[in-house]
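So the structure is just underneath, and the comments pick up after that.
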Amino acid sequence: MGFMTGSSAQQAPYLGAVRWWLIAVAALIAVMVLVGGATRLTESGLSIVEWKPVTGTLPPLNEAQWVQAFEGYKAIPQYRELNAGMSLSEFKIIFWWEWSHRLFGRVIGAVYLLPFLYFLWRGVLSTELKRRLWLIFALGALQGAVGWWMVASGLSQRTEVSQYRLATHLVLALIIFASIVWTLRRMSARPQPVVPMRLKLSGVALLVLTFIQLYFGALVAGLRAGRVYNTWPEIDGAFIPSAARLWFEEPWWRNLFDNTLTVQFEHRMTAYALLVLAVLHAVDAVRSRAGTAVIGGAWWLVAAIVLQAVLGILTLLHQVPIDLALAHQAMAIVVLSLAVLQTERLVARRTEIDRQKLVMPLGQHG
């Protein structure tokens, strides 16, 4: 097996195909997050009470199977306490949301795995890229298990899933999405900007804070905390609620995850912090003459965060209508994408040799 140079024309079609494949997977994950959001907002996530990775691909095909699925739902607390008296036709509505969510997950798995195996067979992936892609695949497999772990939390003692597990499920999906976006960015040869260390650190801080905010947002969703304290900028009658209301649960740290007031408050405050940091980062990029790409990326991130904040406020004031809630969630994906691109732009080494390590194979494909 011979070795190929970075200029080999044989590689070009495969490298383009790998990029488009990863773009397609990232787009599907983004849609999947929104389908998951709609499933939660329609209270559909517990309508399927079994996890059947293979046979569960098929929905009920006759009346007897529909009745059996409905009887399974009737046995859990959500039906008894929230939906007692629901008709079979009403059950079918929430069933189809959850079934579609699970089917979409299986589709993403196939869209990822089958081309991946093909590219491995053709030998067009470098050692470094194969390592990254196997890791992403492992995270995807873990995500399926985490999804069922989340659903299982609402089948016996609760009328909804655990907000802890919901947040874990969402953040893991977004970590997978961000990993693909980062990998795509690394596959492009661009000059490395010369910027001060503080600009790199603020870029990393923006990405970390974005993930923290996404986690808090998932807690808000899991606790239905957006349906209470529907005023802005005040919350519970003040910009900063009283300590007695924020910290009444014991031990104190449980308030950060279980107290609806505290969870919504921390989500608001993190949004303010994120916007301030983004503006400071953009101003610093301009003053540092960091280059068009870095400066543009910084201001695009500011604009996205502002729009996301506006959507969040409108969602809150209108008590979480599904259209605004999903727009808020979609914009969160945009903010994350821009934060990932900006951070990679600042911190990743950008030499042709580094790029070839990621996108060029060691040996000639057959």
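The values are calculated or read from the model by the stated rules, or taken from the named source; none is laboratory data. In this text, all values refer to a predicted model and were calculated from it rather than measured experimentally. Neighbour counts run over all protein chains shown; Cβ positions are idealised from the backbone, glycine included.
Would you confirm whether any residue within the stretch 216-232 is polar (S, T, N, Q) and closer than 22 Å to TRP299 by Cβ?
So far as the stretch 216-232 goes, no, none of its residues is polar (S, T, N, Q) and closer than 22 Å to TRP299 by Cβ.
Report, by residue number, each residue of the stretch 299-321 that is β-branched (Val, Ile, Thr) and under 18 Å from the mean Cα position of the chain (by Cα).
ILE305, the sole residue that qualifies.
Results for (1) over 19 Å from VAL161 (Cβ atoms); (2) out of contact with any Ser or Thr (no Cβ under 9 Å at 6 or more places or on another chain); (3) not assigned by TED's automatic domain parsing to the domain that holds LEU155, shown as yes or no for each residue.
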| position | (1), (2), (3) |
| --- | --- |
| TRP51 | no, yes, no |
| THR57 | yes, yes, no |
| GLU63 | yes, yes, no |
| TRP66 | yes, yes, no |
| LYS74 | no, yes, no |
| GLU90 | yes, yes, no |
| TRP97 | no, no, no |
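Given LEU307, LEU261, LEU277, which one is within 25 Å of MET150 (Cβ to Cβ) and either touching a helix residue (DSSP H, G or I) at 6+ places or on another chain (Cβ under 6 Å) or assigned to a helix (DSSP H, G or I) (or both)?
When all the criteria are applied, what remains is LEU261.
Conditions: (1) of a type outside the set (A, V, I, L, M, F, W, C); (2) under 25 Å from ILE176 (Cα atoms); (3) buried (at least 16 other Cβ atoms within 10 Å of the Cβ). GLN78 meets all but one. Number of the miss?
(2)
Report, ordered by the first and then the second residue, all pairs with beta carbons closer than 8 Å, sequence separation of six or more or different chains, a first member in the stretch 250-275 that is on the phi < 0 side of the Ramachandran plot, and a second member that is in a helix (DSSP H, G or I) and of a type in the set (Phe, Trp, Tyr).
PHE257/TYR164; VAL263/PHE216; VAL263/PHE257; GLU266/PHE216; HIS267/PHE216; THR270/PHE216
Identify the single condition in (1) closer than 30 Å to ALA17 by Cβ; (2) assigned to a helix (DSSP H, G or I); (3) within 27 Å of the chain's Cα centre (by Cα) that LEU125 does not satisfy, given that it satisfies every other one.
All conditions pass for LEU125, except number (2).
Which residue, of VAL195, VAL263, VAL283, VAL276, is under 19 Å from LEU166 (Cα atoms) and either modelled with pLDDT under 95 or aliphatic (A, V, I, L, M) (or both)?
VAL263
Filter the stretch 43-70 down to the residues that are farther than 24 Å from ARG106 by Cβ and either touching a residue at least 40 places away in the same chain (Cβ under 8 Å) or surrounded by 12 or more Cβ atoms within 10 Å (Cβ to Cβ) (or both) and list them by number.
The one that is farther than 24 Å from ARG106 by Cβ and either touching a residue at least 40 places away in the same chain (Cβ under 8 Å) or surrounded by 12 or more Cβ atoms within 10 Å (Cβ to Cβ) (or both): VAL67.
Evaluate the stretch 28-38: report whether one residue or more is without any contact (Cβ under 8 Å) to a residue 60 or more places away in the chain and not basic (Lys, Arg).
Taking every residue of the stretch 28-38 in turn, none turns out to be without any contact (Cβ under 8 Å) to a residue 60 or more places away in the chain and not basic (Lys, Arg).
So that you can scan it fast, the table gives a plain yes or no per residue for (1) within 31 Å of the chain's Cα centre (by Cα); (2) over 15 Å from THR159 (Cβ atoms); (3) modelled with pLDDT of 85 or more:
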{"position": "THR57", "(1), (2), (3)": "yes, yes, no"}
{"position": "PRO60", "(1), (2), (3)": "yes, yes, yes"}
{"position": "GLN65", "(1), (2), (3)": "no, yes, yes"}
{"position": "ARG80", "(1), (2), (3)": "no, no, yes"}
{"position": "ALA84", "(1), (2), (3)": "no, no, yes"}
{"position": "SER87", "(1), (2), (3)": "no, yes, yes"}
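Just checking, which of SER89, SER100 is surrounded by 13 or more Cβ atoms within 10 Å (Cβ to Cβ), part of a helix (DSSP H, G or I) and among the polar types (S, T, N, Q)?
After applying the criteria, what remains is SER100.
In the stretch 105-137, what count of residues is obtained for those that are over 22 Å from LYS52 (Cβ atoms) and of a type outside the set (S, T, N, Q)?
Counting residues in the stretch 105-137 that are over 22 Å from LYS52 (Cβ atoms) and of a type outside the set (S, T, N, Q) gives 20.
Quick check, is ILE240 surrounded by 14 or more Cβ atoms within 10 Å (Cβ to Cβ) and either over 20 Å from GLN78 (Cα atoms) or in the same structural domain as GLY105 (by TED's automatic domain parsing) (or both)?
So ILE240 fails the test.
Select from the stretch 184-230 the residues that are crowded, with 22+ Cβ neighbours inside 10 Å and among the β-branched types (Val, Ile, Thr) and list them in ascending order.
Matches in the stretch 184-230: THR210, VAL220.
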